[in-house]
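Below: one structure, written as structure tokens.
Nothing in this text is a laboratory measurement; each read-out follows from the coordinates by a stated rule. As the structure is a computational prediction, the values presented were derived from the model and not from experiment. Don't worry about glycine lacking a Cβ; one is built from the backbone with ideal geometry, like all the others, and counts go over all protein chains shown.
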Amino acid sequence: MINFKLPKIKDDGYIALISLLIISAVSLSIAIAVSLRGIEDLQMSFAKSSGLRAEGAAESCIEEGVFRLKKNWANYSATLSINSDSCIINATVNGNSADLEAYGTAGIFTQKILMQIDNNFEVTNWQKN
């Protein structure tokens, strides 16, 4: 009877291959985490920029309201467009004082400013919300 021996399969490279797969998975996880952090930073930067644009629009409306009150001490309301942003100003005169309320909008962000002035145009109250 003839006895055949099958060749033995060498498994020397399996440990190296598994190590490579583990290192690749860890590297990929780190790369994804860094990418997500970068996206989060971009979103925060965009939100801050849009918030500042909304605040600038509201301040522009407040300035417009004071300018209009200097010309005519009477109630005033308007909507202004500033590039792609907008604002709404409401000025209400109460005898010797006036209340100004402005809403600046940039995209989905809105900034509100409340201001009170007297008839000498001195600011008696200023609030940002």
Between the range 111-129 and the range 56-100, the alpha-carbon center distance in angstrom: 11
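Report the gain in length on full extension from residue 71 to residue 36: 0.36 nm times residue separation, minus Cα-Cα distance, nm rounded to one decimal. List each step's numbers first, then the result.
Details: separation 35, 0.36 × 35 = 12.60 nm, distance 5.28 nm.
Length gained between residue 71 and residue 36: 7.3 nm.
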Least to most buried among 48, 71 (fewest other Cβ within 10 Å first): 71, 48
Packing-based ranking, highest mean first, of 25-37, 116-128 given that Cβ atoms within 10 Å are counted: 116-128, 25-37
Difference of contour (0.36 nm per residue) and Cα-Cα distance, residue 124 to residue 84: 11.3 nm
Degrees, to the nearest 10: 14-71 long Cα axis against longest axis of the chain: 10
Structure-derived Kirkwood radius over Cα pairs in Å: which label, when the choices are [x] 19.4; [y] 17.5; [z] 19.9: [x]
